[in-house]
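Okay, so here's the structure we're looking at.
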DNA sequence: CCTTAGCACTCCCGAACCCAGAGTGCTACC
DNA sequence: GGTAGCACTCTGGGTTCGGGAGTGCTAAGG
């Protein structure tokens with residue numbers, strides 16, 4: 001039976017089922033639904049509709065003679081159909097603005113984001129600061145000699161993100177040389193993206209070596225040491241609210257699996273960047289994570305890119321149980337994503 | 001009955017009980033113990049000894065006619081009595097050295113520490129980089145103007161720890177002034193501890209204002225902005241291996257409590273710094289955490305200070321179930337603590 | 001005096017069992 | 001198409017019961 005035959009009555013019943021299921025956690029049956037229904041439909045009628053919805057794949061039956069439970073499909077339909085209606089509650093708004101006052105630094109903002117999201121939703125708050133070396137424009141670079149053969153490199157981008165890294169060099173470069181190297185880079189490459197600096201630098205190293213010789217060799221050293229590569233690796237992950245996951249009667253083993261996944265920072269990064277579309281601004285709701293990650297059964301991801309102006313500096317998301325308050329969480333995620341841009345842009 | 005009457009037979013039985021309890025998780029009875037005991041004591045004899053040990057407070061009985069379970073006291077006695085004997089296993093040693101090769105930066109080292117510890121033990125690996133502004137000696141400080149009224153401050157200490165922070169200023173300080181300010185501080189205070197720089201700077205600001213006027217006002221601004229205060233707050237916490245906690249048949253609510261505690265970074269910091277004695281090098285084993293933190297029932301902390309030379313730069317610890325492999329974990333913690341000093345010192 | 005054997009007693013835990021409640025599908029009727 | 005009724009099914013909670021493991025005590029033996 002095709003999905004097309006979903007009329008307004010069917011839709012109403014579907015949302016009613018999903019909402020009571022989210023509220024109670026029990027499979028919901030026709031009788032229960034018949035009560036508390038304004039249109040006073042009889043259980044039998046509802047049963048018919050439910051049978052249709054089940055055929056359409058929107059509902060599932062744990063076993064014969066149990067109530068119905070929404071399927072991933074059902075959730076998707078539900079979410080689609082409610083998107084955009086709700087407003088963020090005043091309480092949430094207060095909580096959020098309180099948590100973010102006085103922050104001007106994307107790193108810090110993202111760190112708190114994970115915390116705030118975990119508070120607002122009944123899920124895990126996740127935020128990553130993006131690896132987007134492609135987009136970030138250089139503001140400054142510093143080098144400082146720490147010890148023999150060890151150099152501290154600090155890269156600052158236009159959007160205010162700071163990354164530091166200790167490099168180990170083959171030879172010892174004196175502080176004076178480091179400073180000229182930094183000056184050279186700052187003078188020639190300010191405003192360039194990290195990515196283009198790297199290619200251009202590689203080109204110049206080939207070409208101009210004869211000219212500046214000394215300067216160029218130290219720059220080459222630093223370059224090889226990875227001064228500018230760091231953006232690729234150092235994307236930080238902020239996770240908070242894991243305790244929220246201990247709700248359902250999951251068997252222990254699955255819970256462990258899940259936590260383990262959450263601890264593997266790399267997989268979170270993959271998860272977010274594969275699902276959160278950085279090209280468009282909207283909040284993305286992913287239902288049915290288990291299709292790709294079996295450990296993530298019964299979990300949903302609600303995420304959005306974090307951007308400052310045109311630059312995407314990371315992603316933020318909530319990972320929570322399928323039985324979650326979608327409206328609430330979606331509006332919160334969207335609100336924070338917007339706030340992110342607003343706060344960080346006006347302070348630049 | 002006083003503890004003093006613990007003879008060698010009693011001790012042997014106690015360790016046997018604790019070890020089988022750690023292995024099985026079941027309360028251990030006299031019969032079970034009588035098997036697998038080389039001295040071939042009869043169950044009855046063992047029962048007598050067990051009764052004594054219970055009177056001494058080293059064992060507990062979940063209920064009449066159940067086996068015995070070690071009490072916190074019992075664990076303490078056990079741990080005391082085994083300290084120092086075991087050697088770290090080759091496998092662990094390999095794992096550890098593999099994980100730490102090529103690291104020269106305390107931050108990074110601590111971050112991996114939490115990971116490695118969670119792998120080795122069946123517990124949560126925790127590491128904090130210490131707030132010890134008192135001990136760290138200044139190597140360099142940088143300031144850079146990011147935007148109007150926003151300044152990036154980077155402080156590097158002798159031990160190679162780098163901290164950055166975005167300061168917000170009342171007035172806009174041009175880059176040139178920032179550089180002279182940094183030069184002033186670097187010239188006058190290199191090698192000082194952060195703490196003493198702060199007091200001295202405050203003194204000079206009072207006294208010498210008339211002289212350098214312009215320079216001093218910008219320094220004052222930076223000072224007030226918190227350029228040097230950051231050490232107090234920015235102690236980072238690395239936690240890993242939470243999934244390991246899902247072992248026992250804890251009721252859900254307690255587990256959540258525990259995870260919540262682990263998420264509150266501040267409390268971990270308090271926990272570690274109150275228990276891990278930074279003054280002495282040894283590994284500290286704390287049994288009975290629940291006495292202060294009820295959520296931490298059935299958990300043990302095994303921690304040690306992380307130091308580079310004389311300077312304490314943080315702490316590392318394992319938080320795990322009381323039923324854990326003590327020898328194994330203690331040796332691992334101790335080994336990593338020593339490695340920490342060794343690796344970072346030789347590379348300075 | 002310490003150790004051992006025997007014995008009666010206690011308590012937990014899992015298996016079997018049963019029953020009420022909630023739900024379903026189907027058929028017949030309006 | 002909507003509704004009412006009915007026979008059937010499945011789950012989940014409560015109860016009962018017996019085996020197993022363990023204890024404490026007493027009495028006998030080295």
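Every number in this text was worked out from the coordinates using simple rules, so none of it is lab data. Quantities reported herein were computed from a predicted structural model and do not represent experimental measurements. Note that we place each Cβ from the backbone using ideal geometry, even for glycine, and neighbour counts take in every protein chain shown.
Structural remarks
- What separates the residue B:35 label point from its copies, with the point 7 Å along Cα to Cβ, is 5.5 nm, written shortest first.
- Label distances, nm, residue B:224 versus same residue in remaining copies, Cβ-directed 7 Å point: 4.9
- Taking the square roots of 5 times each eigenvalue of the Cα gyration tensor of the protein assembly as shown, largest first, gives ellipsoid semi-axes of 47, 42, 22 Å.
- Footprinting exposure proxy ranking of A:237, B:124, A:141, fewest other C-beta atoms within 10 angstrom first, gives A:237, A:141, B:124.
- Per-selection metrics, region A:238-337 (Cα): Rg and Dmax in Å: 13.5, 44
- Region B:285-333 and region B:23-92 have Cα centres separated by 22 Å.
- For chain A: Kirkwood Rh in Å [reciprocal of mean 1/r, alpha carbons]: 23.1 Å
- Inter-chain Cβ neighbour count for A:164-172, averaged per residue, equals 3 (cutoff 10 Å, partner chain atoms only).
- Chain A, helix-only ellipticity at 222 nm - DSSP H runs n ≥ 4, -39,500 (n - 2.57), divided by all residues, nearest 500: -15000 deg cm²/dmol
- Panel order for B:279, A:85, by other beta carbons found within 10 Å of each beta carbon, from fewest to most: B:279, A:85.
- Spin-label model, residue A:217/residue A:99: points 7 Å from Cα along the beta carbon direction are separated by 5.3 nm.
- Take each residue in A:150-156, count the other chain C-beta atoms within 10 Å of its C-beta, and the mean is 4.
- Placing a label point 7 Å from the Cα of residue A:274 along the Cα-to-Cβ direction, the residues of region A:306-332 whose backbone N falls under 18 Å from that point are A:315-320.
- Inter-probe distance in nm under a simple model that places probes 7 Å from Cα toward Cβ, at residue B:38 and residue A:202: 6.5 nm
- Between copies, the label points of residue A:95, set 7 Å from Cα on the Cα→Cβ line, lie 3.8 nm apart, reported in increasing order to one decimal in nanometres.
- Among B:342, A:158, a tally of other beta-carbon atoms within 10 Å of each Cβ gives an order, fewest to most, of B:342, A:158.
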